[in-house]
Amino acid sequence: MTTGVRVGEQHWNHCLITGGSRGIGFAIARRVARRADKVTLVARDRERLQQAAARLRDETDTEIATVVADLSEFEDVRTVAALLDREAVDVLVCAAGVYTTAPADEANVADWDRMLEINLRAPMHLARAAAASMSQRGTGAIVLLGSVAGRNAFPGNSGYCASKFGLRGFAESLFYDVRDAGIHVCHIAPGMTATDMTRDTPGADPGRMMSPETVAEAVRFAISLPDNANLMNLDLWPQRDVFSG
């Protein structure tokens, strides 16, 4: 298998994906594993992680590695950051996320903290570590999975919106910091997608939601652009309103 090919040529040496055991993260892993030498999945549920890895090994000849990590715990974030520093990861995808809803005046502060830790703080630290390593090689891609709730506020989502608005701003600023080092930065913001996190959303029709595979294809496209192009922000909306009956 050819190695050392640049990002725009649709082959990757080592892709690391947080939230890679299910949902959008696993769909991305399946998509990139077809054109990667190695894929590392990061998730907190060991059993789900092992099942996801086994499925990828059955489907491809790609080397699959796993890291059990709870990204709400800073020591676990540091463990993954150290791996990014130690290994030549050329694509980082931060797909791990959590979502809880409540009016701001009734929200559980612990839920707010957890969303900020997993949805914003962890991607910031991991992207920083990846950028430092990638800049030494003059190439790489960092994909941050946001949400349309990072540009459009929704009632009952104050904590989630805060985490996703923050991620969008971080991604845009990061791009300007690392673009001249040859590092691509892409912020992909899906709307309602049929995952375990959203299927039971009150009033939503799962049949109208996007599939995780749709988002995964957007990620593949973003990291397959020529080296002289960068897809900064991509908002993906379901074609039909998932809340209209």
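The values are calculated or read from the model by the stated rules, or taken from the named source; none is laboratory data. These numbers were taken from a predicted model, which means no experiment stands behind them. Here the Cβ positions follow ideal geometry from the backbone for every residue, glycine too, while neighbour counts run over all protein chains shown.
Would you tally the residues in the range 211-225 being buried (at least 17 other Cβ atoms within 10 Å of the Cβ) and of a type in the set (Asp, Glu)?
Matching residues across the range 211-225 total 0.
Taking Ser147, is it closer than 18 Å to Cys94 by Cβ, among the hydroxyl-bearing types (Ser, Thr, Tyr) and crowded, with 23+ Cβ neighbours inside 10 Å?
On the way: closer than 18 Å to Cys94 by Cβ: yes; among the hydroxyl-bearing types (Ser, Thr, Tyr): yes; crowded, with 23+ Cβ neighbours inside 10 Å: yes.
Considered against the rule, which asks whether it is closer than 18 Å to Cys94 by Cβ, among the hydroxyl-bearing types (Ser, Thr, Tyr) and crowded, with 23+ Cβ neighbours inside 10 Å, Ser147 comes out as yes.
Which residue, of Ala171, Ala132, Ala122, Ala110, is part of a helix (DSSP H, G or I) and over 19 Å from Thr18 (Cα atoms)? Quick ask: steps written out before the conclusion?
Working: Ala171 fails: over 19 Å from Thr18 (Cα atoms); Ala132 fails: over 19 Å from Thr18 (Cα atoms); Ala122 fails: over 19 Å from Thr18 (Cα atoms).
Going through Ala171, Ala132, Ala122, Ala110 in turn, the sole match is Ala110.
Out of all the residues in the range 129-136, is one or more closer than 19 Å to Leu234 by Cβ, crowded, with 24+ Cβ neighbours inside 10 Å and modelled with pLDDT of 95 or more? Break it down stepwise before answering.
Of the range 129-136, the ones closer than 19 Å to Leu234 by Cβ are none.
There is no residue in the range 129-136 that is closer than 19 Å to Leu234 by Cβ, crowded, with 24+ Cβ neighbours inside 10 Å and modelled with pLDDT of 95 or more.
Which count do you get for residues in the range 185-213 that are outside any loop (DSSP other than H, G, I, E, B), more than 14 Å from the chain's Cα centre (by Cα), of a type outside the set (Lys, Arg) and more than 18 Å from Gly150 (Cα to Cα)? Can you show your working first?
First pass over the range 185-213, keeping only residues outside any loop (DSSP other than H, G, I, E, B): 185-190, 193, 206-208, 210, 212-213.
Now narrow it down to the ones that are more than 14 Å from the chain's Cα centre (by Cα): 206-208, 210.
From the residues that got through so far, the ones that are of a type outside the set (Lys, Arg) too are 206-207, 210.
Checking the rest, the ones that are also more than 18 Å from Gly150 (Cα to Cα) come to 206-207.
The total comes to 2.
Tell me, please, whether a residue that is assigned to a helix (DSSP H, G or I), more than 18 Å from the chain's Cα centre (by Cα) and in contact (Cβ under 8 Å) with a residue 12 or more places away in the chain can be found in the range 148-157. Give the derivation first.
So in the range 148-157, the residues assigned to a helix (DSSP H, G or I) come out as 148-150.
Okay, now just the ones that are also more than 18 Å from the chain's Cα centre (by Cα), so none.
No: the range 148-157 contains no residue that is assigned to a helix (DSSP H, G or I), more than 18 Å from the chain's Cα centre (by Cα) and in contact (Cβ under 8 Å) with a residue 12 or more places away in the chain.
Check off (1) in a helix (DSSP H, G or I); (2) within 30 Å of Gly156 (Cα to Cα) for Asp85 and give me the number that stays unchecked.
(2)
From the residues in the range 55-76 that are under 11 Å from Ser21 (Cβ atoms) and in a helix (DSSP H, G or I), which one is farthest from the chain's Cα centre (by Cα)?
Arg55
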